[in-house]
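The values are calculated or read from the model by the stated rules, or taken from the named source; none is laboratory data. Because the structure is a prediction, the values reported are computed rather than measured. With ideal geometry, Cβ positions are generated from the backbone for all residues, glycine too; neighbour counts draw on all protein chains shown. The protein model used for the area step is the full one, side chains on, heavy atoms only, and it has no ligands, DNA or RNA in it. Shrake-Rupley method; radii C 1.70, N 1.55, O 1.52, S 1.80 Å.
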Amino acid sequence: MTEKRNPSKLYDVAVIGAGPSGLTAALAFAQRGLDTLLLAPDVNHSDGRTTALLRESVAFLKTLDVWAKLAPKAAPLRRMRLIDDTGRLIRAPEVTFDSAELELDAYGYNLLNIDLNTVLEQEADTQKGLTFVRQAAAGYELGEDTVTIEDASGTAYQARLAVAADGRNSLLRKTAGIDVKRWGYPQVALVLNLAHDLPHGDVSTEFHTPTGPFTLVPLPGRNSSLVCVETEEGADRLYKMQDAYLEQELEQRAHSILGKFRIASERQRYPLSGLAAKTLVGQRVALIGETAHVFPPIGAQGLNLSLRDVAALVRLIASAHDRRADIGSATVLATYERERRTDISSRTVAVDALNRSLLNGFLPIQLARSTGLYLADRIGPLRRLLMREGIAPGTKSLADSLLPRRKSA
């Protein structure tokens, strides 16, 4: 990195990247009393996808005083319905997971990423103790005591800890020398939003097909988001269809459970891939979100897993800060690595295995998958265990992770 301007201030934490994970992390650090820099060129206001925020993630956003602004834009997810539509010899039974069985009003809520990003950006712009610089990071120097960051304009910044939230092709992760394992799938996700004639009843429905999940997730009103996982050729064919033909095709794939469909957004395509960082930490660097882990959009695990990264890191760093310890020390970061590794690894393996099981026509694999869903349907304690682990793995809540909040002067 060629330093053109000497840094005039030392921040506690510099968060690189302004996706939902980076924005949330920056807000949480600032609210816990750490002087925080958020460095990113833009907030994405063109992402037509949606995010299903599970119960613990909603509780997390409540502690940040953000959820009240998001709630009117979100639809509750009260039931999750899995339907085997593979047409194979051995098929799994239909299974419905009902939040009422856990005495919950809903598993979580689904909302547009555009709405989520907009509200988080507005909060970041007004949060005390948070400096939001809309510039891309151009280079880093990872020192013994501080990280120096140069942005695209040549301005330099220093922080005791840098948090990499700059996505799967992270420059900060690369500078820290952290290797990743990457893999691909012969699948492309077609993503769009639909209006429909029949009410969804707050039910998320996932059809398991030979090419991957076909998932309808409630949005406010008679609207739903769709993730249709197809082969590259199949996704390309759907993407190029005229609206009227695509609406008919998608309604047929959904077996008309929501009546007639109407396209309600632009279409987007995303090739499916996976990524796992070999470590979550480097010299004064911590990874969160898609900088650390990427996997297919199955079971609403992506951003919820990322928010657990944020909660754990904020809790550990804020605790070290309150003790006047070195927040970027190898000891503190090693604790973050240890706390998060099992959750990340188990989610990555589980989603990968479920996705590959749909692509594999081998009879023993079909039988194993069918048996698992049959047992979940018939054995109440097993079903409730799966539901609890799906929405809140472990026992520590994200909300508890952020307490106590920053004290007012």
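Table for the structure above
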quantity: Order by protection proxy (mean Cβ within 10 Å, highest first), peptides 163-169, 105-111, 238-244; calculated: 163-169, 105-111, 238-244
quantity: Cα-based shape type of the range 13-56, given that a ≥ b ≥ c are square roots of the gyration tensor eigenvalues and the cut on a/c is 1.5; calculated: oblate
quantity: Neighbourhood charge, 10 Å Cβ-Cβ cut-off, centred on I263 and excluding it, Lys, Arg +1 and Asp, Glu -1; calculated: -1
quantity: Test item: Cα-centred dipole of the range 156-223, Lys/Arg +1 and Asp/Glu -1 on Cβ, debye; calculated: 480 debye
quantity: Total formal charge among the other residues, if their Cβ is under 12 angstrom from that of V147, Lys/Arg +1 and Asp/Glu -1; calculated: -3
quantity: Per-residue SASA entry for H200, accessible area with 1.4 Å probe, Å² rounded to 10; calculated: 20 Å²
quantity: Alpha-carbon centroid distance for the pair the range 114-188 / the range 195-263, whole angstrom; calculated: 35 Å
quantity: Cα shape, the range 207-281, gyration tensor, a/c 1.5 rule; calculated: prolate
quantity: Accessible-area value, L272, 1.4 Å probe, nucleic acids and ligands omitted, Å²; calculated: 20 Å²
quantity: Virtual spin-label span in nm between D42 and Y270, 7 Å along Cα→Cβ; calculated: 1.8 nm
quantity: Most positive-pole-ward Cα, P271, I288, V217, against dipole of the range 162-291 from beta carbon charges; calculated: I288
quantity: Largest-first ordering by accessible area, 1.4 Å probe, given options V227, V119; calculated: V227, V119
quantity: Long-range amide H partners of A138 with built H, under 5 Å; calculated: E150, D151, A152
quantity: Simple Cβ-charge dipole of the range 172-304, Lys/Arg +1 and Asp/Glu -1, about Cα centre, in debye nearest 20; calculated: 640 debye
